[in-house]
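Every number here is computed from the coordinates shown, using simple stated rules; none is lab data. The shown structure was predicted, so the numbers you read here are calculated from the model rather than taken from an experiment. Positions of Cβ are generated from backbone atoms using ideal geometry, with glycine treated the same way; all protein chains shown enter the neighbour counts.
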């Protein structure tokens with residue numbers, strides 16, 4: 001029980017630290033009357049390259065940040081809890097992949113916010129659970145679908161608002177899907193149903209020869225010459 005509680009707490013460390021940084025930057029931006037939008041991605045221009053790394057840290061308003069807080073924490077926690085040994089690599093790959101794809105396909109303008117990371121995490125958790133065919137991970141896939149299935153519509157320009165970076169959402173989804181395929185052989189796997197079965201040991205070399213030698217000498221193996229054959233009647237073991 002203590003181990004489970006410790007694991008739950010450890011999985012929340014990085015998501016909480018990330019949220020602390022996001023809120024700290026927003027407080028500084030508002031309190032100091034700064035403008036951090038230029039830390040975002042500006043597609044296909046040199047000034048927007050740094051945003052590939054920094055764009056998830058900046059949000060346009062408190063409403064924007066608050067809307068991303070709960071899904072970012074929950075999905076990040078799921079990643080670090082269920083995929084704890086490879087979570088850092090996946091998170092970093094989604095972060096950079098989302099920014100890189102946005103830089104390539106985004107419309108002119110500053111793209112900011114952690115929404116792309118949220119899409120990346122959601123798509124990774126969904127497809128990874130389905131591909132691994134492991135019951136706990138499939139359950140997470142279904143939960144993500146139930147909670148955040150409606151996010152899909154904001155990946156397309158026909159349904160997203162004009163001020164919404166649907167390219168960032170789509171980029172995150174692409175990055176998350178690629179990660180689910182690239183890391184499929186790592187981390188938690190479906191247990192082998194035959195792993196616990198005991199293997200029957202092979203007969204040692206020479207056993208058959210010794211039996212044949214006994215038969216040729218007129219003595220059945222395991223029975224002393226001149227002894228009466230006894231049949232032991234008892235309770236037989238039943239396979240469990």
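Data table
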quantity: Rough spin-label spacing in nm, given labels placed 7 Å along Cα→Cβ, for residue 92 and residue 54; calculated: 2.1
quantity: Separation of alpha-carbon centers, region 134-187 and region 74-130, rounded to whole Å; calculated: 8
quantity: FRET efficiency, residue 159 to residue 33 (Cβ-Cβ, R0 41 Å, nearest 0.05); calculated: 0.75
quantity: Gain upon complete extension [residue 181, residue 46; 0.36 nm per residue less C-alpha separation]; calculated: 45.5 nm
quantity: Fraction of alpha-carbon pairs over 16 Å apart in region 136-179 - percent; calculated: 47
quantity: Translational diffusion coefficient (Stokes-Einstein; Kirkwood radius from C-alpha pairs) of region 2-182 at 10 °C, 1.306 mPa s, in µm²/s; calculated: 96
quantity: Alpha carbon Rg of region 103-185, scaled by the compact-globule rule 2.2 N^0.38 Å; calculated: 1.14
quantity: Sorted peptide list for 178-187, 124-133, 4-13, criterion being average Cβ within 10 angstrom, highest first; calculated: 124-133, 178-187, 4-13
quantity: Prolate/oblate/rounded label for region 1-97 (Cα gyration tensor, a/c 1.5); calculated: oblate
quantity: Using a Förster distance of 41 Å, the FRET efficiency for residue 104-residue 10 (Cβ separation, nearest 0.05); calculated: 0.70
quantity: Backbone N within region 166-192 under 19 Å of label point (7 Å from residue 145 Cα along the Cβ vector); calculated: 173-174, 176-178, 180-181, 190
